[in-house]
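Remarks on the structure that follows.
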Amino acid sequence: MYITCLDLEGVLVPEIWIAFADAAGVPELRRTTRDEPDYDKLMKYRIGILKEHKLGLKEIQETIAKIEPMPGAKKFLDELRSFCQVIILSDTFSQFAGPLMAKLGYPTIFCNSLEVSDSGEIVGYKMRVENSKLTTVKALQSVGFETIASGDSFNDLGMIKASKAGFLFRSTEKIIKENPQYPAFTEYSELLNAIKDIVNN
């Protein structure tokens, strides 16, 4: 049996940190996993910027409430779930993901959690497991599933490389150029058809 593992941000919904950076007027927060492969380094950087600007979880959640899935994302997900199990593997946080999952029809998501002080300041974060996407894919394979994976960023490459089939979706020129062995798509219909071909053959 197949399980498709999808990234969230950049694939199904816009990048949360970019949306918040624009809403808050703090361009330094536009940096994402497309730019920085080291997730711990990226999060420490973000937490430092938030502290400097006295921004907390409440402000970020106010931006998230206004974010809509990418055009066609829910339809794509609904159709994909009609013939294949799907898990969203994301390095976002449970405190961010809830409202977005409601808009996507409550798919299964595995993500991380933030450490938040009583005042609402984000003081740290807790990864579900180390290398969460790759670790999860390997765990699914260990209990008899074949995995198909798709994402857009550096932190998706592990699960893409470890899966029976992997696809880049709306990725960067740099990542596409460095990983020519993986088909790179920009349209949901292309990705859907590619996954369907794997599942049906």
> For segment 74-185, what Kirkwood radius comes out of the mean inverse Cα-Cα distance, in Å?
Replying inline: 15.4
>> Given the DSSP H assignment, sum -39500 (n - 2.57) over each helix run of at least 4 residues in the chain and divide by its residue total; what's the result at 222 nm in deg cm²/dmol, nearest 500?
In response: -12500 deg cm²/dmol
> By a straight-distance test (C-alpha under 20 Å), which lysines pair with residue 177 as possible cross-link partners, with residues fewer than eight away in the same chain excluded?
Replying inline: 161
>> Using only the alpha carbons of the chain, what is the convex hull's orientation-averaged projected area in square nanometres?
In response: 10.8
> Of all DSSP beta bridges located in the chain, what percent are antiparallel, nearest 5?
Replying inline: 15
> Given the protein chains as shown and a 1.4 Å probe, how many square angstrom of residue 189 are accessible, to the nearest 10?
Replying inline: 70
> Which ³J(HN,Hα) values in Hz, rounded to whole numbers, follow from the phi angles of segment 41-46 under the Karplus curve 6.51 cos²θ - 1.76 cosθ + 1.60, where θ = phi - 60° and Gly and Pro get x?
Replying inline: 4, 4, 5, 5, 4, 4
>> Just want the answer: with Cβ charges of +1 for Lys and Arg and -1 for Asp and Glu, which residue in 83, 179, 8 is farthest toward the dipole's positive end in the chain?
In response: 83
> Which one of 50, 63, 104 is farthest out on the positive end of the charge dipole of segment 1-141, using unit charges on Cβ (Lys, Arg +1; Asp, Glu -1) and the Cα centre as origin?
Replying inline: 104
> Taking amide hydrogens as modeled 1.01 Å from N in the peptide plane, which residues meet the under 5 Å criterion relative to residue 116, leaving out close sequence neighbours?
Replying inline: 123
> Looking at segment 82-201, what % of its DSSP beta bridges pair antiparallel, to the nearest 5?
Replying inline: 30
> At a 1.4 Å probe radius, carbon and sulfur cover how many percent of the accessible area of the chain?
Replying inline: 52
>> Taking 25 Å as R0, compute the FRET efficiency from the Cβ-Cβ separation of residue 70 and residue 201 and round it to 0.05.
In response: 0.35
>> Nothing charged except the Cβ atoms of Lys and Arg (+1) and of Asp and Glu (-1): what's the magnitude of the dipole of segment 88-201 about its Cα centre? Round to the nearest 20 debye.
In response: 280
> Which listed residue (151, 134, 119) has the Cα farthest towards the positive end of the charge dipole for the chain, taking +1 on Lys and Arg C-beta and -1 on Asp and Glu C-beta about the Cα centre?
Replying inline: 134
>> Only four residue types carry charge here, +1 at the Cβ of Lys and Arg and -1 at the Cβ of Asp and Glu. Report the dipole size of segment 30-106 about the Cα centre in Debye, rounded to the nearest 20.
In response: 180
>> Not counting ligands, DNA or RNA, and with a 1.4 Å probe, what is residue 182's accessible surface area in Å² rounded to the nearest 10?
In response: 40
> How about residue 66: which aspartates and glutamates have a C-alpha closer than 18 Å to its C-alpha, ignoring those fewer than 8 places off in the same chain?
Replying inline: 9, 15, 22
> By a straight-distance test (C-alpha under 16 Å), which lysines pair with residue 51 as possible cross-link partners, with residues fewer than eight away in the same chain excluded?
Replying inline: 41
>> Explain nothing, just the number: dipole magnitude of the chain about its Cα centre with +1 on each Lys and Arg Cβ and -1 on each Asp and Glu Cβ, in debye rounded to the nearest 20.
In response: 240
>> How large is the Rg to Rh ratio of segment 2-46 when both quantities use alpha carbon positions and Rh follows Kirkwood?
In response: 1.05
> Restricting attention to segment 71-169, which GluC sites (Glu not before Pro) occupy a DSSP loop and are surrounded by at most 14 other Cβ atoms within 10 Å?
Replying inline: 130
>> If packing is taken as the average number of other Cβ atoms within 10 Å across a peptide's residues, how do 13-23, 65-75 rank, most packed first?
In response: 13-23, 65-75
>> Just to confirm the number: angle between the C-alpha axis of helix 94-103 and the first principal axis of the chain, 0 to 90 degrees, nearest 10?
In response: 60
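The values are calculated or read from the model by the stated rules, or taken from the named source; none is laboratory data. What you see is a predicted model, and the numbers here were worked out from it, not measured in a lab. Virtual Cβ from ideal backbone geometry, glycine too; neighbours counted across all protein chains shown. We work out accessible area using only protein heavy atoms, side chains counted, and drop any ligands, DNA or RNA first. Shrake-Rupley method; radii C 1.70, N 1.55, O 1.52, S 1.80 Å.
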